[in-house]
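Here is the structure we will look at.
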Amino acid sequence: SGVLERYVLEGKEAENVTMGCAESCSLNENITVPDTKVNFYAWKKMEFGQQAVDVWQGLTLLSEAVLRGQALLANSTQPREPLQLHMDRAVSGLRSLTTLLRALGAQEATSPPDAAPSAVPLQTITADTFSKL
């Protein structure tokens, strides 16, 4: 629970940093990120393997988006220091989460070999600012 509390605290700090510069913290391009809303009714009806696929797909998409945001920030003229720290922490947190899932035995997969297409496809949104990322 201490690890989760740390992630929550870092998330709140990141939100404060990005909300403090909402207008000036725009991305130079739109980045697709997973939508964090969960339809728990549909989730409970999914088979475990499909849940695992959805988690890995979301984590992969989020990791790619954060790395892209980090690259855009490195090449921008925006004030970078607080945002750079946030992006570095996000990358570190995503790597830690990936490692944790692997240690818990979660198999990284894009789709189960014998699975039908997901009844609930991965939902995404478009981020155009660092606060949405």
Filter the range 25-77 down to residues that are touching a residue at least 60 places away in the same chain (Cβ under 8 Å), within 12 Å of Ala127 (Cβ to Cβ), among the aliphatic types (A, V, I, L, M) and in a helix (DSSP H, G or I), then give me how many there are. 3
Determine if the range 6-29 includes at least one residue that is hydroxyl-bearing (Ser, Thr, Tyr) and modelled with pLDDT of 85 or more. no
Just one of (1) of a type outside the set (A, V, I, L, M, F, W, C); (2) within 17 Å of Ala14 (Cα to Cα); (3) part of a loop (DSSP other than H, G, I, E, B) trips up Gly105, so point out which. (2)
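The values are calculated or read from the model by the stated rules, or taken from the named source; none is laboratory data. Note that the structure is predicted; figures quoted are calculated from it, not measured. Methodologically, a virtual Cβ is constructed for each residue, glycine included, from the backbone with ideal geometry; neighbour enumeration extends over all protein chains shown.
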